[in-house]
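Only one structure is covered here, and it is reproduced in the block below.
The values are calculated or read from the model by the stated rules, or taken from the named source; none is laboratory data. Quick caveat: nothing in here was measured; it's all calculated off a predicted structure. Cβ atoms come from the backbone with ideal geometry, glycine included; neighbour counts cover every protein chain shown.
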Amino acid sequence: MADLRSDFIGIKSPNPFWLASAPPTDKEYNVRRAYEAGWGGVVWKTLGMEGPPVVNVNGPRYGAIYGADRRLLGLNNIELITDRPLEVNLREMKAVKRDYPDRALIASIMVPCEEEAWKAILPHVEETGADGIELNFGCPHGMAERGMGSAVGQVPEYIEMVTRWCKMYTRMPVIVKLTPNITNVLYPAEAAKRGGADAVSLINTINSITSVDLDLFSPEPMIDGKGTHGGYCGPAVKPIALNMVAEIARNPETHGLPISGIGGVTTWRDAAEFLALGAGNVQVCTAAMTYGFKVVQEMISGLSEYMDEKGMTSVDEIVGRAVPNVTDWNQLNLNYVAKAKIDQDLCISCGRCFAACEDTSHQAIAMSEDRTFTVIDEECVACNLCVNVCPVEDCISMEPLAAGATDLRTGKTVTPDYANWTTHPNNPSAKAVAVEPAE
Amino acid sequence: MARDVFEPGIVPGRLEPQAYGEGFSDLHPPLDEHEALVAADRCYFCHDAPCMTACPTDIDIPLFIRQIATGTPDAAAKTILSQNILGGMCARVCPTETLCEEVCVREVAEGKPVLIGQLQRYATDHLQQQGKHPFERAAATGKRIAVVGAGPAGLSCAHRLAMLGHDVEIIDARPKPGGLNEYGIAAYKTPNGFAQAEVDWLMQIGGISFRHEVAVGRDVTLEELKTDYDAVFLGMGLVGVNALGAEGEDKAGVANAVDFISELRQTGDMSKLPIGRDVVVIGGGMTAVDAAVQAKLLGALNVTLVYRRGRDRMNASVFEQDLAASKGVRIVTHAVPIAVHGNGSVREIEFEYVDEGMKGTGERLRLQADQVFKAIGQTLMGEGLPELDGRKIKVDGTGRTSLDRVWAGGDCASGGDDLTVTAVAEGRDAAMDIHTTLMGAAG
């Protein structure tokens, strides 16, 4: 079994799987059970300032979308930060950290955008023995209306300012949690770095309405006939999160800034993908809320098996491995030519590839009388839609053409040379003319 | 108190009273909403789906399953019923394991097809239990059509004709409509009076009337029908029963399986129905299995189904064969009856084993029997019928017979495979051709 021990900005945990700040980490009872189940760390549900705590709605807080067999794909919530008194949370955090010294315990914090407010709360948090703090600049609902959460996270100057305060008033490492509800995630990430953040974590949830009640004409989740946008998370948001993580990882201004990856991590594979795109660890919420704390056991065994197969001895060996391969579209090799190939032994003849290609793509799949489906190389542009709609894994694959082979669609010989759009003759601003232009 | 199961002879009440209800309850209990959604989610919505091609009525199966999956079972029912007005019965009695579900890509891939039959029942039940009829009649055409036989072919034909605006009179020899749905199918496949409920629901289209207990050839001639109506559809099925050709087959205790099933279906109290202790059913089709299984369910101690060829040649599907076996029916193959023994009543029946070429081997088998059911096929009965093709009425692809303005479909017509669903398809297609013919003539 591979060594999964993680050291994220000096915070040690037995594995890189942390529970994100969310309902599962709102109290001692849950957190103890999470640690018992095997979670490497916990980001405690966001603390607010002293005084009367926030209140939550007394109706549904969550809405969902489903895949086949009611498999939960996306979850949204309109829950606020912890609605329990600050002193209760602090007392419980201290007790838990005392009993689980080997696990990471991070305090998520959200107080008004005033220096005094941050200055006041940080010593209390420090006193619990927490390993670090996470600044909640991401919550998109409720708190944002009060000038906190994503209202701060959408203004890079505020991020920088608050981060700087925190670095000034605590010795604890500072993680800045970013909202995806912005146009370019690099601005807030760069601001966090300028403010002295030790790391960023992302993504927080995405503004969303999951569905509409077609009898009441109310958004879901519905509270007394009305609904509001909530924060979307779960497997459906993973692609958005992966891209934002990768953008920060490959951006020269933020390259090397530690990242805690969040967003739809459901299996060990999802976690490994976040790590490969530059995250130093991952935070999980929806998978635990859907299946319970036990899911971490599969994440641990899966990542361990993968590392063993790859001969990796440390999680850090995965981190960032895919970043050099994330590029801009204009750098993609236009001389790379692939064709779809259907494995007739695996094909179950459902014909979905045919319907997709014939109706909505390039008419590049032929269907015979006996329902044999074959690719027409003369038409195939290797768009991958047939692969994506095929219900059988690995039945359709994209096979690259070797150099020297002829692309039957264009009639051109495949060249081993790399050529991208920047040099393509069709590009009005091409810098140079390619010797053997791709189509 | 139930009689001793060992008591010889043909006697009623062999079982404890509650055993009848259990035995004759729904073979496939209906899916509840959750089960239906889970089952529907497994459908891949195949292009030009093999299931649809395999369905004799060409129901758009992927579409109706998607309609179930998206919470509109009534729309799913309309998709089904627009192709097959007896979709509810077919969902219960179709040998789906040899039709749609056999070619389901998930059966091919995993050995577990989408539960098409049960989903069809879910949708049609959902609609019909609300009493909703989703079709409306077109403007009256003034045409009158006689439909002979109130079975699946006749009902299907009549409904389609009525929907197109014609007036239809169904003439049937039995006291109740439904044909084999009402008289000829195992009770556990269509319990709780479904056959009649379905006919009542079908009749909501309007424009259809019944004349019960009128037999063509006995009470009315085809010639008279041709005179009185603009067109005639013959869907009277096969009412004659083939003989065994074995010595002594007239002994008491030897009966037709179809009569046994018919009597059983019309009995309100199964415990009053007499059944033998040692029952032998001869035949290899659905009727043979229906009779054998129901004999067992009535409390027969030993039920043996004897077929002259191998199991692979039986018309009863593998599912039906397995069902019989699971109920305790013994299946003997490659044996033909040669003599029925007994003094007045049957005591034993003697078979000779045959090889694959149906040639006698000389090996004999004697089975103790106090009741023998013959299920070796039915034959067409009637006078003045159109030209035959072998033993059935010769028809073309749209049901036209050799006689002008006379169509035929279902078991009495050539082609097809004697399934309810085939009869429905033939009735429907004949109706469309009748409509085109009559309206074309009018125009």
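Out of curiosity, is B:Thr124 more than 14 Å from chain A (Cβ to nearest Cβ) and farther than 20 Å from B:Lys189 by Cα? No; evaluated as a whole, the condition is false for this residue.
Of the residues that make up region A:3-10, is at least one surrounded by 20 or more Cβ atoms within 10 Å (Cβ to Cβ) and in contact with a Lys or Arg (Cβ under 6 Å, 6 or more places away or on another chain)?
So in region A:3-10, the residues surrounded by 20 or more Cβ atoms within 10 Å (Cβ to Cβ) come out as A:6, A:8.
Then keep just the ones that are in contact with a Lys or Arg (Cβ under 6 Å, 6 or more places away or on another chain); that gives none.
Checked against the condition, which is being surrounded by 20 or more Cβ atoms within 10 Å (Cβ to Cβ) and in contact with a Lys or Arg (Cβ under 6 Å, 6 or more places away or on another chain), region A:3-10 yields no hits at all.
A:Asn333 passes every criterion in (1) surrounded by fewer than 21 Cβ atoms within 10 Å (Cβ to Cβ); (2) within 18 Å of the chain's Cα centre (by Cα); (3) not in a helix (DSSP H, G or I) apart from (2).
Being farther than 14 Å from A:Thr46 by Cβ and away from every other protein chain (no Cβ under 14 Å) is the filter here, so list the residues in region A:62-84 that pass it. Even if it seems obvious, please write down each step before you answer.
If we filter region A:62-84 for residues that are farther than 14 Å from A:Thr46 by Cβ, which is where we start, we get A:62-76, A:78.
The answer is A:Tyr62, A:Gly63, A:Ala64, A:Gly74, A:Leu75, A:Asn76, A:Ile78.
Within region A:382-402, can you find the residues that are assigned to a loop (DSSP other than H, G, I, E, B) and in contact with a Ser or Thr (Cβ under 8 Å, 6 or more places away or on another chain)? Across region A:382-402, the qualifying residue is only A:Cys383.
Applying the selection to region B:172-209, what residues are assigned to a helix (DSSP H, G or I), of a type in the set (A, V, I, L, M, F, W, C) and crowded, with 19+ Cβ neighbours inside 10 Å? Break it down into steps so the answer makes sense when it comes.
Step one: filter region B:172-209 for residues assigned to a helix (DSSP H, G or I), giving B:180-183, B:187-189, B:194-205.
Now drop any that are not of a type in the set (A, V, I, L, M, F, W, C), which leaves B:180, B:187, B:194-195, B:197, B:199, B:201-203, B:205.
Of everything in region B:172-209, those that are assigned to a helix (DSSP H, G or I), of a type in the set (A, V, I, L, M, F, W, C) and crowded, with 19+ Cβ neighbours inside 10 Å turn out to be B:Leu180, B:Ala187, B:Phe194, B:Ala195, B:Val199, B:Trp201, B:Leu202, B:Met203, B:Ile205.
Among residues of region A:336-363 being part of a loop (DSSP other than H, G, I, E, B) and away from chain B (no Cβ under 14 Å), the one that is surrounded by the most Cβ atoms within 10 Å (Cβ to Cβ) is A:Val337. Among the residues of region B:87-114, those identified as of a type outside the set (D, E, K, R) and within 14 Å of another protein chain (Cβ to nearest Cβ) are B:Val103, B:Cys104, B:Val105, B:Val108, B:Ala109, B:Gly111, B:Pro113, B:Val114.
Residues are listed down the side, and each one gets a yes or a no for (1) within 14 Å of chain B (Cβ to nearest Cβ); (2) hydroxyl-bearing (Ser, Thr, Tyr); (3) out of contact with any Lys or Arg (no Cβ under 8 Å at 6 or more places or on another chain):
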site	(1), (2), (3)
A:Ala272	no, no, yes
A:Ala279	no, no, yes
A:Ser301	no, yes, yes
A:Val319	no, no, yes
A:Val323	no, no, no
A:Leu334	no, no, yes
A:Ile365	yes, no, yes
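Find the helices (runs of 4 or more DSSP H) located wholly in region B:1-86 whose residues include 2 or more that are within 14 Å of chain A (Cβ to nearest Cβ), and list them.
On the way: elements: B:17-23, B:33-41, B:50-54, B:61-69, B:73-81.
Answer list for region B:1-86: B:33-41, B:50-54, B:61-69.
Summed over region A:307-330, residues that are of a type outside the set (D, E, K, R) and surrounded by 14 or more Cβ atoms within 10 Å (Cβ to Cβ) total 10.
I'd like to know if region B:259-279 contains one or more residues that are in the same structural domain as B:Val318 (by TED's automatic domain parsing), under 19 Å from B:Gly21 (Cα atoms), part of a loop (DSSP other than H, G, I, E, B) and of a type in the set (Val, Ile, Thr). Walk me through it before giving the result.
So the first thing to find is which residues in region B:259-279 are in the same structural domain as B:Val318 (by TED's automatic domain parsing), and the list is B:259-279.
Retained after the next criterion (residues that are under 19 Å from B:Gly21 (Cα atoms)): B:260-275.
Cutting the leftovers down to part of a loop (DSSP other than H, G, I, E, B) gives us B:267-269, B:273-274.
From what's left, of a type in the set (Val, Ile, Thr): B:267.
Scanning region B:259-279, I find at least one residue that is in the same structural domain as B:Val318 (by TED's automatic domain parsing), under 19 Å from B:Gly21 (Cα atoms), part of a loop (DSSP other than H, G, I, E, B) and of a type in the set (Val, Ile, Thr), so the answer is yes.
Pairs linking a residue in region A:286-299 that is of a type in the set (Val, Ile, Thr) to a residue that is part of a helix (DSSP H, G or I), with Cβ atoms under 7 Å and 6 or more positions apart or on different chains, are A:Val295/A:Ala287; A:Val295/A:Ala288; A:Val296/A:Ala37. Within region A:87-103, being assigned to a helix (DSSP H, G or I) and in contact with a helix residue (DSSP H, G or I) (Cβ under 7 Å, 6 or more places away or on another chain) holds for A:Leu90, A:Glu92, A:Ala95, A:Val96. So how many residues does region A:149-178 have that are part of a loop (DSSP other than H, G, I, E, B) and in contact with a strand residue (DSSP E or B) (Cβ under 8 Å, 6 or more places away or on another chain)? Residues that pass the stated criteria total 5. Of all positions in region A:368-375, none carries a residue that is within 14 Å of chain B (Cβ to nearest Cβ), surrounded by fewer than 14 Cβ atoms within 10 Å (Cβ to Cβ), hydroxyl-bearing (Ser, Thr, Tyr) and outside any loop (DSSP other than H, G, I, E, B). If the condition is being basic (Lys, Arg) and under 21 Å from A:Ile121 (Cβ atoms), then region A:33-77 contributes only A:Lys45. If you go through region B:172-207 and keep only what is of a type in the set (S, T, N, Q) and within 14 Å of B:Ala423 (Cβ to Cβ), you end up with just B:Asn181.
Just to be sure before I move on: is B:Ala140 touching a Gly at 6+ places or on another chain (Cβ under 9 Å) and either assigned to a loop (DSSP other than H, G, I, E, B) or surrounded by fewer than 23 Cβ atoms within 10 Å (Cβ to Cβ) (or both) in the structure I sent? The answer is yes for B:Ala140.
Criterion applied to B:Val336, B:Val254, B:Val281, B:Val303 was being closer than 13 Å to B:Ala375 by Cα, in contact with a helix residue (DSSP H, G or I) (Cβ under 6 Å, 6 or more places away or on another chain) and not small (Gly, Ala, Ser), and the one residue passing it is B:Val281.
Yes or no, residue by residue, for (1) at pLDDT below 95; (2) more than 30 Å from A:Glu393 (Cβ to Cβ):
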| residue | (1), (2) |
| --- | --- |
| B:Arg42 | no, no |
| B:Pro56 | no, yes |
| B:Thr70 | yes, no |
| B:Thr79 | no, yes |
| B:Gly87 | no, yes |
| B:Arg106 | no, no |
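Could you list, in sequence order, all residues of region B:1-33 that are modelled with pLDDT of 95 or more and loosely packed, with under 12 Cβ neighbours inside 10 Å? Result: B:Asp32, single match.
Anything in region B:300-316 that is small (Gly, Ala, Ser) and closer than 21 Å to B:Thr361 by Cα? List them, or say none. Let's see the steps before the verdict.
Initial filter on region B:300-316 (small (Gly, Ala, Ser)): B:300, B:310, B:316.
Residue satisfying the conditions is B:Gly310 alone.
Within region A:171-194, restricting attention to residues that are of a type in the set (Ser, Thr, Tyr) and surrounded by fewer than 20 Cβ atoms within 10 Å (Cβ to Cβ), which residue is nearest to A:Cys233 (Cα to Cα)? Give the steps one after another, and end with the answer.
We begin by selecting, within region A:171-194, every residue of a type in the set (Ser, Thr, Tyr); these are A:179, A:183, A:187.
After this cut, where a residue has to be surrounded by fewer than 20 Cβ atoms within 10 Å (Cβ to Cβ) as well, the list is A:183, A:187.
On the way: A:Thr183: 18, A:Tyr187: 22 Å.
Looking at the filtered set, the residue picked out is A:Thr183.
With respect to A:Asn251, is the statement that it is more than 30 Å from A:Val57 (Cβ to Cβ), in contact with a helix residue (DSSP H, G or I) (Cβ under 6 Å, 6 or more places away or on another chain) and surrounded by fewer than 24 Cβ atoms within 10 Å (Cβ to Cβ) true? In short, yes.
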